[in-house]
Structure formats: C-alpha cells, structure tokens
1. Are there any pairs with C-beta distances below 6 angstrom linking a residue in segment 300-319 that is of a type in the set (V, I, T) to a residue that is open to solvent by 60 Å² or more (accessible area, probe 1.4 Å), with the two at least 6 apart or on different chains, and if so which?
2. Quick check on segment 165-191: of everything there that is of a type in the set (D, E, K, R) and at pLDDT 90 or above, which residue is nearest to T332 (Cα to Cα)?
3. G245 passes all but one of (1) open to solvent by less than 50 Å² (accessible area, probe 1.4 Å); (2) at negative phi; which number fails?
4. Out of curiosity, is G312 open to solvent by 20 Å² or more (accessible area, probe 1.4 Å), among the small types (G, A, S) and at pLDDT 90 or above?
5. Among the listed residues A109, A124, identify the single one that is at pLDDT 65 or above, part of a loop (DSSP other than H, G, I, E, B), within 24 Å of the chain's Cα centre (by Cα) and surrounded by 14 or more Cβ atoms within 10 Å (Cβ to Cβ).
6. Return yes when R372 is at pLDDT 95 or above, out of contact with any helix residue (DSSP H, G or I) (no Cβ under 9 Å at 6 or more places or on another chain) and open to solvent by 50 Å² or more (accessible area, probe 1.4 Å) and no when it is not.
Amino acid sequence: MDADVTDSAGTPADPDQPGHQAEDEPQAGAPDGSGAAAPQDGPSATGSGDDGVRTWSERPKAELPPGYKRHWLRWTALAASFLVLIAAGVGWWLYKKLDGNIKTDTSAAAELKAYEKERPTPIAVDAQNILLIGSDSRSGDNRKYGRDDGGSQRSDTTILLHLAADRKSATAVSIPRDLMVDIPACHTADKKTTKEQFAQFNWAFEVGGTACTIRTVERMTGIRIDHHMVVDFNGFKDMVDAVDGVEVCLKQPIKDEDAHLELPAGRQKLDGEEALGYVRARKSIGNGSDTERMDRQQKFLGALVNKMQSNGVLLNPTRLYPVLDAATKSLTTDPGLDSLRDLYDLVRGMRNVPTDKVQFLTVPRQPYQANRNRDELVEPDAGRLFKQLREDAPVAVVPADEIKASKSPAGGSTGDDPSDGKPDDSGSSNPTPAPTFSGSNAADDLCNQ
C-alpha cells in the first residue's frame, strides 16, 4: 500500500490532530518536507510563537487529547469530594455541639411515671401540649439578677403551649404564678413527700420541681402534658441577641434598678439584656401588677416569633444556628425532646403557622376573694378554655378592648350570645363560634397598640 494512503480508506489524516500524523506525510513546520517533527519544547508546544501554533489552552475542546479531559474531571471530582467531606465534618461537629447543649430531666420523667394512673388520657393524639417554664433561679450566671438563695427556684413564668394537630395554629396560655390552685402531694429533691395543699401556683415548682408543676397543671386543666422545657434567664437573653434584637414602643421612659433597665420613651430595638429587663420589670411599668407583666411578656414573645418568621430565620440554617445555640445552652427538657432532631421536628412543624394564628392569652382569672394579692380562676370561662384545648378545638383571641363590658371579669366569652349556634329567623342554624378570650397574636405590632 502506498505511503500516502491513510489507515481509514478515503479519509486523509488531520495534520493538526496530535498522534494522528500520517506515516511519511510532511509535518507542519518542516519546510523541506522531510517529515522532521518540531521540537516538543519549542513554541508549538508551550505557547503561541511566530509560527502561529496554538497552545493546549487555546485549542477547542474537540482538539484536546483524550487524557486531558479525564485529567481535569478527576481533579474536579477529588476537589468536590474533599469539600463535601469538610462540609460534612463541620456539619456533624455543629450538630453534636448543639445536641450536647441540651440537658435532660430524667428525674421528672421518673416521677411522672410513678403517678401515671392519675394523669389525664390524651384526647387529640396528634396535637402537642408543651409546658414552658421560665426559671427564676438566682444561682450561677443568674446571680446578678437578684439574691442567691442557695439555688432554690420558682417558676417565674409558666406557659402551656398547645400545638394544633394540623399545625395550623399555636395557642400559648400563661398561668399566673400567684394563681391559687390545688397542688398534689409531691416528692422533693431530697426524696421527702410534701402534703397536698391549696396554695399559689409557683410553689409547686419550688417544692417539687418540674414534675410537681406538670401534675398541678394537669389536675387543674385535665390536659395531658406531652413535653416540657425549662429555660433560664440567659437562654431568653441570648435568643433575642441571636435575632439581632426585637423592636418595642414605650409610652413612657423606664428606670427600674431591680430589672437593671433604663430606657427612653418611643420606638426602639431592645438587645437581649434590655429585653430580659423589659419582660421582668413590674414595679416601674404600668400599674405594677403581675397581670400587666404577663401581658407584656406575651406581646414580646409574639414580637420575637414574628421577627424569626419575617426574617426567614427558621428557613435559613446560617441564621437559625445562633438561635438554636442560644436556646439549647439554657434548655432542660424531658427525654422526648432532648435531642436536636426532636427540637428541629418541633420547630419545622411550627414554621408554617401564620403569625396571626400564634395566639397568646392568660387563663381567665380574677383577684382571689380571701387575698386580693392572689388570683383565682373564673368559671365557667376557664373550664371552657381548657375543654377547647383538650379537644384540639379552636380558640379565638382578640384585644382586651374588644371584649364587651358585659363579658366575664377575665374577658372570656361566656358563650351566652343569642346568635351562638341558635337558629335565626330563617330557621337555619349557624355553627357555634369559637369561645373568645382577651389576648394577642404574633402578628400584632407592639407600636400600634
């Protein structure tokens, strides 16, 4: 076969294709036609010279040698794998750090198990009832907020949080610390048994801890408590800082030495330390009552929830991490909520709840007849509220000034409205509306009230 014939019949070899030079064919750059190859370290291999030969980087992808593409794909895959490993390692470290922050309250679980037979039976299985307890211990890092009485503590704030089974609403009910209730016999930290007594609510936490508080709430409401969380001062303060503060409006300036708080009047954003003083202050704001303080706490918590949802904190891992870190550091939970996965599932279930469906109210109460410095439940309003929550039925919450004077002293609807569920003139029947109570929701603007 002649030397100028290619390996494939009728197809001439491409002189520019490396490795495909036809046998005995003159190479480019050999003027004498002798076929001598250009030196590999000359301009034709390393750069564009005067002879116009292109470098590998200047050539189209189709002209690159097969090994060139595989080489870079291999290095890209190795780099991507390395980055994935780094990210996974960092993610695992962050997860373990947050998970390790959470403290588990096993003693409360054991105490509740011992009294299982007397506890309420759940009615709405998919609904969740979580008892949130704000501890006012003055020991450790909280010593600066008051006298350290040896580490004893009372429940400064207690909220029963009801999450609807469909996760389309959340109702937070504050229980006054001075509410007179029946406290069952409980076990103290040193294993002594207290006697059953009628006393103010926050004594339950002081004498019998979390388990005694849960049993007191269950006895009062008939609602089964599924989980509990105890949060101290620093946890609340750090969460406010993690969302870059919360905005409030003050009608008058505040100066409260007990709460470590001094603020001017007007619209302003509070950092964690200021927010803690704001929700704890009592004597220097309004009429100095615990009732007004609870109302202020509810509205501030609503503003905090609104800030987290409106700023996309719950959907942004980078912004959510500082919030979770702050929360978990000062959080003690039952074994059912003591992992980051459990808390994440809880938060994920709440993140789509509209802010106007995150409602805050206080149990219907009035001054206790035997001692005006204490509270007592108002019936039948309190019973109606507890029944709605037990059965996962809707509850309506409106501002106090929208509740008519003819309603109960607590502001709860008595359900005596002639139109409630009764036939009208046409003979048709309207569905019974949800009982209405005074309160607020997370969509309310603190500066427009």
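The values are calculated or read from the model by the stated rules, or taken from the named source; none is laboratory data. Computed from a predicted model, the values in this text were never measured in an experiment. Note: ideal-geometry Cβ built from the backbone for every residue, glycine included; neighbour counts use all protein chains shown. Protein only, heavy atoms only, side chains kept; ligands, DNA and RNA dropped before computing areas. Shrake-Rupley method; radii C 1.70, N 1.55, O 1.52, S 1.80 Å.
1. These pairs meet every condition: V313/R319.
2. Filtering first and then ranking leaves R177.
3. (2)
4. Criteria not met by G312.
5. A124
6. When the stated conditions are applied, R372 does not pass them.
Residue-wise test of (1) out of contact with any helix residue (DSSP H, G or I) (no Cβ under 8 Å at 6 or more places or on another chain); (2) charged (D, E, K, R); (3) crowded, with 16+ Cβ neighbours inside 10 Å.
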residue	(1), (2), (3)
E292	yes, yes, no
F300	no, no, yes
K307	no, yes, yes
R319	no, yes, yes
V323	no, no, yes
K329	no, yes, yes
D334	no, yes, yes
D338	yes, yes, yes
V353	yes, no, yes
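Results for (1) of a type in the set (D, E); (2) over 18 Å from A110 (Cβ atoms), shown as yes or no for each residue.
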{"residue": "C186", "(1), (2)": "no, no"}
{"residue": "D190", "(1), (2)": "yes, no"}
{"residue": "T194", "(1), (2)": "no, no"}
{"residue": "W203", "(1), (2)": "no, yes"}
{"residue": "C212", "(1), (2)": "no, no"}
{"residue": "T216", "(1), (2)": "no, no"}
{"residue": "G222", "(1), (2)": "no, yes"}
{"residue": "I225", "(1), (2)": "no, no"}
